[in-house]
Amino acid sequence: MAESEPAAQPGHGNDDAAARTAAVPAAAAPSRRSVLGWGGAGLALGAAAAGGAVAAFGGASDGVPAASSGTAVPFHGEHQAGIASAVQDRLHFAAFDVKTADRAELVSLLKDWTAAARLMTAGLPVGEGGFGGLPEAPPDDTGEALGLHASRLTLTIGFGPGLFAKDRFGLEDRRPGALVDLELFPGDNLDPARSGGDLCVQACADDPQVAVHAIRQLARIGFGRTAVRWSQLGFGKTSSTTPDEQTPRNMMGFKDGTRNVAGTDRAALERHVWVGPGDGSDWMTGGSYLVARRIRMHIETWDRASLQEQEDVFGRDKGEGAPVGKPKERDEPFLKAMKPDAHVRLAHPDSNGGAALLRRGYSFTDGTDGLGRLDAGLFFLAYQRDVRTGFVPVQRNLARHDALNEYIQHVGSAVFAVPPGVRDKDDWWGRTLFA
């Protein structure tokens, strides 16, 4: 959906960077020499952001849709943006392995990443920008997003189980009980090279170049302290957090996730998505838990199935997306009218003790395999208050009984604790964990 862009909206241009730098004291502007290795860059960039255009986008990001609020999504808030925010069109997701063994260096990395995220989500270049600096040194910003708007970019960070391993960073007593190691479900064929990770960053935007630029910048800033373990590009959002929008279609041509938790439904978010006080780990209050699954679709097999079989597998008609026996997509489904192994019936909260997930999945196509088959499917992203009562019971049910299993296979998997939002210019990703 095309959106109007306010004339005053800053872009990723050097004119914006110059104006931002001029707005802060000289001591606060990061010098190129001081940020060549990005040591201490978090403090400098944080100060620059506080005095510049980023402050104009302050405000809470707790479930208020961004689709109608211009092209920049507020970075600061009680919760991280990119969860309940209106779903953007494109995704670049990356999982990282932490290479440093120094806790202080890890904290420094998180501060540096936070400072850069403040700028990028406001449509500003990192540091002194992509050109115009010291000719003998690499530019602070890689430059591929210069001149582009923020495009509703959100950056969401998560911490994997490995970060809490014993004798690593002294965090073993801080691991939440809800951050479980996922079991191997029936039918899983997981590739270790596409699974796990100490950290993750989910970059969502309406412009793919903006999303890719954001991950590229963070990987560059983290060089020597962290390295990309795996990543995934996504297009064609497959779910919506704004109920007034049309539910997107997946690569099988069906609407799925019609009854997704809405980003505007604060009661549902509190019940199913946000970690509450007393949930077991105080540092996670206001955060959530993310399950990421790379689901390969057997496209060629699916394309040869009859329309009736396809509709029986999902429990919806392919045209309107209405549940079996109902005329409209958003009509309350009558589960018993569906086949016992229909996907919608098995995934519904009524079939899983009330468990509900907030889904932000994207389609992907990564070329073909060695047999000429499309490597395509769904990159499934689901947020929940507790993995043990959210994803796990739902996936157990689906893995054992879902008719869709004939046409899909889970080939990548990861789970992350997503900390609460960054409250102000002095806060940073993960502060509550390390405090």
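The values are calculated or read from the model by the stated rules, or taken from the named source; none is laboratory data. The structure displayed is predicted, hence computed values, not measured ones. For neighbour counting, all protein chains shown are included, and Cβ atoms are generated from backbone atoms with ideal geometry for every residue, glycine included.
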Notebook entry, point to check: In region 294-322, what count of residues is obtained for those that are in a strand (DSSP E or B) and not charged (D, E, K, R)?
Noted result: 2
Checklist line | Selected residue (criterion: nearest to residue 154 (Cα to Cα)) from residues of region 79-138 that are surrounded by fewer than 19 Cβ atoms within 10 Å (Cβ to Cβ) and acidic (Asp, Glu) | finding: 97
Notebook entry, point to check: Applying the selection to region 148-188, what residues are within 28 Å of residue 214 (Cβ to Cβ), touching a residue at least 40 places away in the same chain (Cβ under 8 Å), in contact with a helix residue (DSSP H, G or I) (Cβ under 6 Å, 6 or more places away or on another chain) and aromatic (Phe, Trp, Tyr)?
Noted result: 169
Margin query: Of the residues 155, 124, 91, 109, only one is out of contact with any His (no Cβ under 6 Å at 6 or more places or on another chain), modelled with pLDDT of 95 or more and in a loop (DSSP other than H, G, I, E, B); which?
Written below: 124
Notebook entry, point to check: Condition test on residue 197, is it part of a loop (DSSP other than H, G, I, E, B), surrounded by 22 or more Cβ atoms within 10 Å (Cβ to Cβ), touching a residue at least 12 places away in the same chain (Cβ under 8 Å) and on the phi > 0 side of the Ramachandran plot?
Noted result: yes
Check: Can you name every residue in region 256-274 that is among the charged types (D, E, K, R), at pLDDT 90 or above and either buried (at least 16 other Cβ atoms within 10 Å of the Cβ) or within 18 Å of the chain's Cα centre (by Cα) (or both)?
Finding: 265
Notebook entry, point to check: For residues in region 298-347 being under 26 Å from the mean Cα position of the chain (by Cα) and either among the aliphatic types (A, V, I, L, M) or at pLDDT 95 or above (or both), which is surrounded by the most Cβ atoms within 10 Å (Cβ to Cβ)?
Noted result: 314
Margin query: Looking for something in contact (Cβ under 8 Å) with a residue 24 or more places away in the chain and within 15 Å of residue 94 (Cα to Cα) - is there at least one such residue anywhere in region 284-291?
Written below: yes
